[in-house]
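Here's the structure we're looking at; comments come further down.
The values are calculated or read from the model by the stated rules, or taken from the named source; none is laboratory data. Keep in mind that what you see is a predicted model, and the values were worked out from it rather than measured. Using ideal geometry, Cβ is built from the backbone for each residue, glycine included, and neighbour counts are taken over all protein chains shown.
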Amino acid sequence: MKNRLDAAREILRDSIARWTIGGNQNPDAIPTLSFFREDGLSEPFSAVYEPCICMVVQGAKRVILGNLSYVYNPHQYLIASVDLPTFVQVIDASKERPLLGLKLTFDMQQVSQMLIDSNFPHHRAQNSDHGMATSEITLPLVTAFQRLIDLLDEEQDIPMLAPIIQKEIIYLLLVGEQGACLHQIATAGSQSQQVARTIEWLKSNFSRQLRIDDLASQAHMSTSSFHNHFRAITAQSPLQYQKHLRLHEARRLMLAESLDAATAAFQVGYESPSQFSREYSRLFGTPPIRDITKLRKMAIVE
């Protein structure tokens, strides 16, 4: 006889399968919630994770963050507490048993406010220094997500109930095994939060010339301490992080706004188109023009 968690996970799987019949979905009614489906294995591809929790109810994904590797599957969820450039690979999926999952993004300011409003103990969990972690899926998490998805059929209830359920999910993460992954980033004045604020600044200023000393001063740390904390959270140096942000934005500009490679390179802060092309090829696997052509053909097919 199936236990309650397995039974709840099957119901959630059926709900996600229903919402992804036509492929990945981002319901307008709950913009922080999205569903994904993959019908086959994939090579590693570049992706940026924002603060979120990701769960799969069938299949599995591997996320590579620097020299760290995380696998999430029907037994393990993935949590990210800052924006993190990564490589992602679908490692368990087929047309008969597609990868099925969901993602819920959250605002770290909301997490900080919950810590202020509630008396959460400050605990330190394994790998809590990193901005990404995996942990065991629990029955309360599965049932909370099921109730959130069920609201999509009762849209009149979403404005009142969706924020409550999302707050419940964040609470479950904070009191769970990887609560420290969020706690340290959200705690005012902590070194992790200072690094997180620097990451927010980098997201808006990635085209500017980067001086590590200035970033360290902005985070109120010594240069060496800042560099160590930044690498601990992102598994990358600040310069590597900036480069990935630039390349992802250049890719978006070429794909969404039809900019040519040289114009996109200059717009994101590169001074040498040849250097941009080399680094783009290293990250995305092919030169800019070939990559954008492939992405456009894939979009037409879909």
remark   = The strands (runs of 3 or more DSSP E) lying entirely within the range 1-116 that contain at least 1 residues which are among the polar types (S, T, N, Q) are 33-38, 45-49, 52-58, 68-72, 76-80, 84-92, 99-105
note = Scanning the range 206-231 for residues that are in a helix (DSSP H, G or I) and buried (at least 16 other Cβ atoms within 10 Å of the Cβ) gives L215, A216, F226, H227, H229, F230, R231
inquiry  = Which condition from (1) without any contact (Cβ under 8 Å) to a residue 60 or more places away in the chain; (2) touching a helix residue (DSSP H, G or I) at 6+ places or on another chain (Cβ under 8 Å); (3) not hydroxyl-bearing (S, T, Y) is the one that A7 breaks?
reply    = (2)
ask   = For the range 136-159, what are the residues that are over 19 Å from R4 (Cβ atoms) and in contact (Cβ under 8 Å) with a residue 40 or more places away in the chain?
value = L151, L152, E155, I158
task = Inspect all residues belonging to the range 235-252 and state whether any of them is of a type in the set (D, E), crowded, with 17+ Cβ neighbours inside 10 Å and either in the same structural domain as P51 (by TED's automatic domain parsing) or within 30 Å of D39 (Cα to Cα) (or both).
result = yes
message = Just checking, does the range 95-117 include any residue being over 30 Å from R246 (Cα atoms), small (G, A, S) and either assigned by TED's automatic domain parsing to the domain that holds C54 or buried (at least 16 other Cβ atoms within 10 Å of the Cβ) (or both)?
response = no
inquiry  = If the requirement is being surrounded by fewer than 17 Cβ atoms within 10 Å (Cβ to Cβ), touching a strand residue (DSSP E or B) at 6+ places or on another chain (Cβ under 9 Å) and of a type in the set (G, A, S), which of these qualifies: S81, S42?
reply    = S42
S272 of a type in the set (S, T, Y) and on the phi < 0 side of the Ramachandran plot = yes
remark   = Of the residues in the range 260-295 that are among the charged types (D, E, K, R) and in contact with a helix residue (DSSP H, G or I) (Cβ under 7 Å, 6 or more places away or on another chain), the one that is farthest from L210 (Cα to Cα) is D291
ask   = Going through the range 127-140 one residue at a time, which ones are part of a helix (DSSP H, G or I) and either loosely packed, with under 15 Cβ neighbours inside 10 Å or touching a Gly at 6+ places or on another chain (Cβ under 8 Å) (or both)?
value = L139
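Conditions tested, residue by residue: (1) in contact with a strand residue (DSSP E or B) (Cβ under 9 Å, 6 or more places away or on another chain); (2) under 27 Å from H130 (Cβ atoms).
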{"residue": "Q218", "(1), (2)": "no, yes"}
{"residue": "T234", "(1), (2)": "yes, yes"}
{"residue": "R246", "(1), (2)": "no, yes"}
{"residue": "D291", "(1), (2)": "no, no"}
